[in-house]
Amino acid sequence: MNPPELTGFFPQLDPGTLARLPRVLPTWALSTESSWQQWGLAEGIVRGASDNQELLGAAAALLAWSWQEHPLHGPGVSLLATLEGQLGFLDREKREYLLSLKKHLRPQPSRELWEQVRDSGDQNLLALFLERALPGPGGLSLLGEAWEDLVCLEDQELAQRLLRAAVQEPRLRTRLEAELALHHKRPHVALALAQSLAETPFAPFGAYLAAHILTLAGEREQALPGLAALWRATPWNANLTLRLYDLAFLPPDGPLPDAPTAILVYTWNKAELAGQTLESVFASDIGDNRVFVLDNGSTDGTAALLAAKREQWGPHRLHVESLPINVGAPAARNWLLALPDVRACRYAAFLDDDVIVPRDWLAQLLSAAARHPECGTTGCAIRDAALPNRLQSADYHILHRQPERETEPGERIRIFNNCTGALDTGMFAYERPCLSVSGCCHLLDLSALEDVGGFDVRFTPTQFDDLDRDLRSWLAGRPCLYTGQLAIDHVQRSSLRQATSPAQVAHIVGNKIKLEGKYDDACLDAVIAGNFALAWKDLLGKHAALTARFSG
């Protein structure tokens with residue numbers, strides 16, 4: 001199949017635009033995904049640089065892609081229509097379609113009941129509300145607000161019926177049904193629907209989705225032409241640039257590298273989840289590498305579970321350390337790192353006690369680490385195990401710092417997690433150096449242990465000890481590496497979202513204050529500037545390589 005022609009969907013920017021953005025929009029390199037990031041960047045341009053035609057073109061381009069990904073995001077559609085009216089980059093048919101959709105996505109009165117239903121977490125109640133509200137007035141706007149909730153409904157047939165009740169226009173319906181089929185694990189249906197979008201206003205999304213599905217199926221060569229065609233139309237797209245580069249230049253997955261690795265798990269009172277995690281690990285390809293588990297003073301059935309697992313797999317594969325009390329996450333990690341058999345290894349892979357890993361997880365981590373020996377820690381994408389369509393985290397960055405004397409304690413450092421809660425459409429499946437990665441699955445290069453050190457026990461019992469170590473690793477010249485082609489499922493949520501009491505919230509905020517107190521303004525400013533510089537160097541270098549290959 002010939003690649004589609006997609007340039008008529010986006011404003012054509014000057015080839016040098018991307019290289020000029022670091023001075024005015026430094027966060028552009030961190031991500032051009034997630035509706036809130038797309039909207040924030042575009043709105044910031046319109047508010048602060050309305051007389052700069054180059055930046056207005058960048059904002060319009062970003063919103064034109066956002067419309068492909070989030071066609072029911074009312075504010076984005078409205079601002080896109082305004083910018084398109086000024087710049088005039090769409091043909092008459094596409095412009096009329098956009099304006100017609102805008103009319104149906106007008107702001108609705110406050111839906112307090114809907115917010116209460118959504119916050120309840122009750123899927124039956126949510127489905128009942130949507131079933132009654134979507135066919136009525138304002139149903140399309142409500143679908144835009146509820147799209148991610150609808151996608152995650154356990155009853156897939158109900159989700160399909162709700163979509164069809166809310167959307168009558170056939171091209172929009174096909175666009176949404178294609179994405180729904182992707183998230184409902186029906187790749188053949190999703191591929192056919194994506195390909196049928198070629199002659200519609202959603203042709204760019206169709207091209208992307210078809211390439212993504214082919215990539216998931218291992219058909220890299222078949223995926224490249226469509227993805228490259230989309231990139232030629234949107235070469236300013238940071239996430240697409242990163243993803244296409246990996247597809248075009250990184251080698252395919254190979255066997256487990258020969259690099260001695262200790263697999264480390266610490267657990268406390270999660271017998272069932274820890275057992276599930278260990279079953280997952282031993283069902284994966286870990287070769288002859290040993291698993292070391294620390295029972296951190298558990299009082300449930302963890303001791304009996306670990307004894308049984310040790311009997312099942314043998315002490316030569318599973319080593320168990322048992323402590324009489326819970327010493328907290330930082331000390332537990334340090335304890336495992338201090339074991340002689342662990343220190344004899346080249347790498348140490350930490351896993352939380354509530355994750356599910358794919359078969360090739362260790363091979364992917366080790367292969368990525370070998371490609372980037374300058375990095376001290378390698379991490380991956382994290383999905384929500386309960387809602388596997390949603391991402392919990394990708395690569396972490398620091399946006400900026402607030403002046404120490406002008407901000408509340410705990411709010412001085414702003415961490416940028418560029419995908420929290422976003423539906424996983426593959427746009428975070430890229431590899432690049434970064435400031436930090438998720439602590440629930442990360443591979444440490446033990447050759448850096450002496451220079452960087454272990455985990456700071458002042459963050460006991462948990463929270464921010466992994467970020468603190470990543471900061472110290474950065475300052476020691478060993479940044480982290482994120483390899484998003486690998487995604488693992490994580491049961492527990494992170495940071496404040498897992499707090500269930502005022503005391504837990506206070507503990508997490510307290511540890512954030514400790515983190516901020518460790519680093520003065522000059523140090524943080526150097527880290528932030530270096531983080532942005534590294535992100536832009538990586539992005540522009542990959543952009544140049546893709547230009548040489550695909551723009552001839």
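The values are calculated or read from the model by the stated rules, or taken from the named source; none is laboratory data. These numbers were taken from a predicted model, which means no experiment stands behind them. Glycine gets a Cβ as well: all are built from the backbone with ideal geometry, and neighbour counts include every protein chain shown.
A few remarks follow.
- Of the residues making up the stretch 407-426, one or more are over 15 Å from A381 (Cα atoms), among the aliphatic types (A, V, I, L, M) and in a strand (DSSP E or B).
- Of the residues making up the stretch 295-334, those that are within 29 Å of the chain's Cα centre (by Cα) and of a type outside the set (S, T, N, Q) are G328, A329, P330, A331, A332, R333.
- Selection from the stretch 352-376 of residues that are touching a helix residue (DSSP H, G or I) at 6+ places or on another chain (Cβ under 7 Å), closer than 23 Å to E272 by Cα and crowded, with 22+ Cβ neighbours inside 10 Å: D353, V355, V357
- Any hit, the stretch 92-99, residues being surrounded by fewer than 16 Cβ atoms within 10 Å (Cβ to Cβ) and over 21 Å from L6 (Cα atoms): no
Quick grid of which residues meet (1) under 19 Å from P252 (Cα atoms); (2) surrounded by fewer than 22 Cβ atoms within 10 Å (Cβ to Cβ); (3) among the hydroxyl-bearing types (S, T, Y):
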| site | (1), (2), (3) |
| --- | --- |
| A194 | no, no, no |
| P201 | no, no, no |
| A211 | yes, no, no |
| L224 | yes, yes, no |
| L230 | no, no, no |
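- The stretch 224-323 holds helices (runs of 4 or more DSSP H) entirely within its bounds, and those carrying 1 or more residues that are within 30 Å of L539 (Cβ to Cβ) and among the hydroxyl-bearing types (S, T, Y) map to 238-249.
- Extreme residue, surrounded by the most Cβ atoms within 10 Å (Cβ to Cβ), among residues of the stretch 303-346 that are among the charged types (D, E, K, R) and over 21 Å from G454 (Cβ atoms): K309
- Among the conditions (1) surrounded by fewer than 23 Cβ atoms within 10 Å (Cβ to Cβ); (2) charged (D, E, K, R); (3) at pLDDT 95 or above, the only one that E404 does not satisfy is (3).
- Boolean, V293 is in contact with a Ser or Thr (Cβ under 8 Å, 6 or more places away or on another chain), closer than 21 Å to L444 by Cβ and of a type in the set (A, V, I, L, M, F, W, C): yes
- Taken across the stretch 361-372, residues that are modelled with pLDDT of 95 or more, under 26 Å from D468 (Cβ atoms) and among the aromatic types (F, W, Y) do occur, with at least one present.
- Residue check for T32: in contact (Cβ under 8 Å) with a residue 40 or more places away in the chain, among the β-branched types (V, I, T) and outside any helix (DSSP H, G or I): yes
- Hits in the stretch 512-552 - residues which are within 16 Å of D470 (Cα to Cα), modelled with pLDDT under 90 and aliphatic (A, V, I, L, M): L515
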